[in-house]
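Step one of this worksheet: look at the structure below.
Readers should treat all values here as calculations from the given coordinates under stated rules, not as data from a laboratory. As the structure is a prediction and not an experimental result, all values here were calculated from the model. For neighbour counting, all protein chains shown are included, and Cβ atoms are generated from backbone atoms with ideal geometry for every residue, glycine included.
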Amino acid sequence: MLKRVMAMAAVSALMSAPAFAQRVEVGGVVGWTFSDGVEGDAVLAADGNLYDAIDIKDSFSWGFDIGFNATDNVEVGFLFGQQLSKLRIEGTQTVDVGDLTVNTYHPYVAFNFAPPDARVRPYLMVGFGATNYGSVDFTGFNGQARSTAGETQFSTTWGAGVKAYGSSNVGFRAGVQWTPTYIKTDSAGWWCDPYWGCYVVGDAQYANQFSFNGGVTIRF
């Protein structure tokens, strides 16, 4: 569904844009992602330790994007990212459970500064889409093989960086990206108001990815 909406938006932008602005940009990046997970109630495991947090290990990541310039400075497109990580649990000790692949899918809008033919173009971008946490195969404390189910949650992504071109349309890009993913909402207690009455207040928890990346970009 997200890909279908993104495709329709891109086609609409291209049809309404003047000919000189109908440029396509594709890019690929590699980098390093710092990740965190969420906390919960402490659980006594079979190994005798208490665990109260699920975390994602910092690791290598990569991605690619394709964008269409709706105007000289406004770009719409689709961004894919993948982090090759490990799922870990934390508490009275830290245990790496197993290999975890985190995929992100975000239609985005970016603003590119400077004229379209400039050799250096800083940019800001925001995207709305989803993060998928893949299944994890592991061996339990009792020695039995087990597997977790995959999970997909709503997420946004926010980024900034710079694209630098030489004499051709092939250039270098470097940037930073923050992707918060909604995981759950815990009850944070009651809030009472003299007009609205009393109601339960929720405390939303997000898993965050902070990426530093660099790569190539090609404009047509």
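Observations on the model:
- Remark: the range 27-34, residue by residue, has Karplus-estimated 3J(HN,Hα) of x, x, 9, 10, x, 10, 10, 8 Hz, where x stands for each Gly or Pro and the curve is 6.51 cos²θ - 1.76 cosθ + 1.60 at θ = phi - 60°.
- Dipole magnitude for the range 78-125: computed about the Cα centre from +1 point charges on Lys and Arg Cβ and -1 point charges on Asp and Glu Cβ, it is near 180 debye.
- Directionally averaged projected area (convex hull, Cα atoms, the range 38-160), nm²: 9.1
- Other residues with beta-carbon under 11 Å from the beta-carbon of residue 77 carry, at +1 per Lys or Arg and -1 per Asp or Glu, a net charge of -3.
- Two-decimal log10 I(q)/I(0) for the range 23-78, as the Debye equation yields it once each C-alpha is a single scatterer, q = 0.14 Å⁻¹: -0.63
- The order of the peptides 147-154, 101-108, 28-35 by mean Cβ neighbours within 10 Å, most packed first, is 101-108, 28-35, 147-154.
- Counted by Cβ distance under 15 Å from residue 155, the other residues give a net charge of -1, where Lys and Arg count +1 and Asp and Glu count -1.
- Considering all different alpha carbon pairs of the range 108-167, the Kirkwood hydrodynamic radius works out to 15.2 Å.
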